[in-house]
Every structure is written in structure tokens, then in C-alpha cells.
Amino acid sequence: MRSNLIMRSAMAGLLALGAATAIAAPAAPAKRAVELPPSADLAYDLNAQQKSIGLKGDALITWRAGDGKYDVNVEAKVQLLGKLNEYRSQGAVDDYGLAPDTFTEKRYRKEATTTTFVRDEKVISFTGVKLPYVMKGGEQDRASVTWQLASVARAAGVAKFKPGSEWTFIVAGRRDAEPWTFKVVKQEKIRTGMGELDTIHVKREPRDGRGDSVEVWLAPGQEWYPVKIRFEDDRDTIDQTVKSITRK
């Protein structure tokens, strides 16, 4: 992983050239009420298809929130290969909800990357990318966005978080940031390791048919925790279905 000091130094030099050298950001999303779910450890059964190879394993999401801060760590492991990926997002809570400071990602057989939210300079920097991204407020990362979605849904309740409604967030990844729009699909019962749960199914379709598809099943009766999550791109699919929730 490259040093954050190197990234900050490079970014400072770019900013000295003027704001026009940074990647422009879309308009800031509207501020919405949020209600963060209680801290918990969520264990999942994992089924993956990686380059047409079926894999089974386990995933663990460690979610912590309190004192104006949050920390979410995601680990996925599969048989034979071991750790498939790991994500971690840490930050504070502001008027928009979750406000990440750093997002780190380590994928199988890939170098780790770090996305840094430099709030005093209002930019996001990325490992290996020269141009920073101009922040407008409310930006999330690929680990925090699921919990921002859950926090917004928890505050809105089923009356407002209803089928057909759409919820947009700016999401930073490994190299840039873009709008992610989640559409509430329907209320749905799903089978889990905790039995049958009533959920609200939400889906993010990739823009122009490119990028990752993300689906989340939130359980209002379980503090709106994400009890099922599915990631899919043009080669791989990862399904995580909850088997236990331990409140902390």
C-alpha cells in the first residue's frame, strides 16, 4: 500500500495548479435524515461464482457506530482460496450521514488500495491516481454506502422507503467516484440462517450497462440490517446471506 503522505503531497501539488486540475464532482446529494443501526457483528453464508467457478465460504461484517464515529470492516473467505476480499471504511457522522475518512480494499491476488477523504481540502485521493476528486458533501465509499443506505431507510421508515422510490449517493471506489442510484424493488420474504425474514429488496443497476450491480435486502424487523447482499460484475458474482447477528 502506498503511503498516504505520498498521496497527500502529490495532491497538494495538483491543488496548487488550481481547482480546474481536479476531477469535477456531480452536484451534492440532498441532505436526508439518518438513523444508524446499532453496532453488531453480522455473519453470512457466502456463495460466489468467480470466472465460472463455484465457491462457498463465509463473510463477516463488523459494524460499529457511536460517539459520532463509525467503523465497518468486511471480510469474505472461501474454501481452498482463503480470503477473497477485505474492505474497511472508517470515519465520522455529519449532516449527510456517514462521512468516510479512509476506505481500504484488498482483493484476491490484487494490491491493496486506499481511498482518502481529505475533508479540510474537500477532495478525495486514490492510490495510483494523480487527479483528486472534488467533494461536494455526502460522498460514500463501497463499504460505507450499504450502511448509509440502511441508515437512510431506517430514518425514512417503510412509508417512505417504498417500492419505486430511488435513493442516490456519490460512491468512491478504487480510482474515481460516481453516482449510485438504488431503487426499492419490493418487499420480499427470504430464507436465511436465522429463518425466514421480511425484507425490502433494493437494487443498484450499473450505469450504461457498465460497472457493478449491487443488490441489498434490508430487514426492518432486524434494525434494518443488510441481511442479504449480492455483488455482480461481468465476470463474478458474490452472494452473502445472513446466518447470525450479534449485537455489540
### Task
Out of the residues in segment 98-114 that are hydroxyl-bearing (Ser, Thr, Tyr) and over 13 Å from the mean Cα position of the chain (by Cα), state the one that is surrounded by the fewest Cβ atoms within 10 Å (Cβ to Cβ).
108
### Task
Would you mind stating whether residue 95 is surrounded by fewer than 16 Cβ atoms within 10 Å (Cβ to Cβ) and in contact (Cβ under 8 Å) with a residue 60 or more places away in the chain?
yes
### Task
Filter segment 225-248 for residues that are modelled with pLDDT under 95, open to solvent by less than 60 Å² (accessible area, probe 1.4 Å) and either part of a loop (DSSP other than H, G, I, E, B) or within 22 Å of residue 162 (Cα to Cα) (or both) and give the result.
233
### Query
Considering only residues of segment 48-71 that are touching a residue at least 12 places away in the same chain (Cβ under 8 Å), open to solvent by 50 Å² or more (accessible area, probe 1.4 Å) and of a type in the set (D, E, K, R), which is farthest from residue 227 (Cα to Cα)?
51
### Message
Tell me which strands (runs of 3 or more DSSP E) are completely within segment 112-190 and hold 2 or more residues being closer than 26 Å to residue 66 by Cα, touching a Gly at 6+ places or on another chain (Cβ under 8 Å) and not charged (D, E, K, R), or say none if there are none.
### Response
113-118, 166-172
### Query
Checking residue 117 against (1) surrounded by 15 or more Cβ atoms within 10 Å (Cβ to Cβ); (2) modelled with pLDDT under 95; (3) of a type in the set (Phe, Trp, Tyr), which test does it fail?
(2)
### Residues located in segment 5-47, provided they are at pLDDT below 50 and open to solvent by less than 70 Å² (accessible area, probe 1.4 Å)
7, 10, 11, 12, 13, 14, 15, 18, 21
### Query
If you check every pair at least six apart or on different chains, which have Cβ atoms under 9 Å apart with a residue in segment 102-117 that is aliphatic (A, V, I, L, M) first and a residue that is assigned to a loop (DSSP other than H, G, I, E, B) and open to solvent by 60 Å² or more (accessible area, probe 1.4 Å) second?
112/1
### Query
If you check residue 161 against the conditions, is it touching a Ser or Thr at 6+ places or on another chain (Cβ under 6 Å) and open to solvent by less than 10 Å² (accessible area, probe 1.4 Å)?
no
### Summary
Reported set for segment 194-244 where residues are touching a residue at least 60 places away in the same chain (Cβ under 8 Å) and over 23 Å from residue 75 (Cβ atoms) is 220
### Query
Which of (1) crowded, with 20+ Cβ neighbours inside 10 Å; (2) in contact with a Phe, Trp or Tyr (Cβ under 6 Å, 6 or more places away or on another chain) is the odd one out, the single condition residue 175 does not satisfy?
(1)
### Message
Filter segment 191-224 down to the residues that are open to solvent by 60 Å² or more (accessible area, probe 1.4 Å), part of a loop (DSSP other than H, G, I, E, B) and modelled with pLDDT under 90 and list them by number.
### Response
205, 210
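The values are calculated or read from the model by the stated rules, or taken from the named source; none is laboratory data. As the structure is a prediction and not an experimental result, all values here were calculated from the model. A quick note on method: Cβ atoms are made from the backbone with ideal geometry, for glycine too, and the neighbour counts reach across all protein chains shown. Heads up: the accessible areas ignore ligands, DNA and RNA and are worked out on the full protein's heavy atoms, side chains in. Shrake-Rupley method; radii C 1.70, N 1.55, O 1.52, S 1.80 Å.
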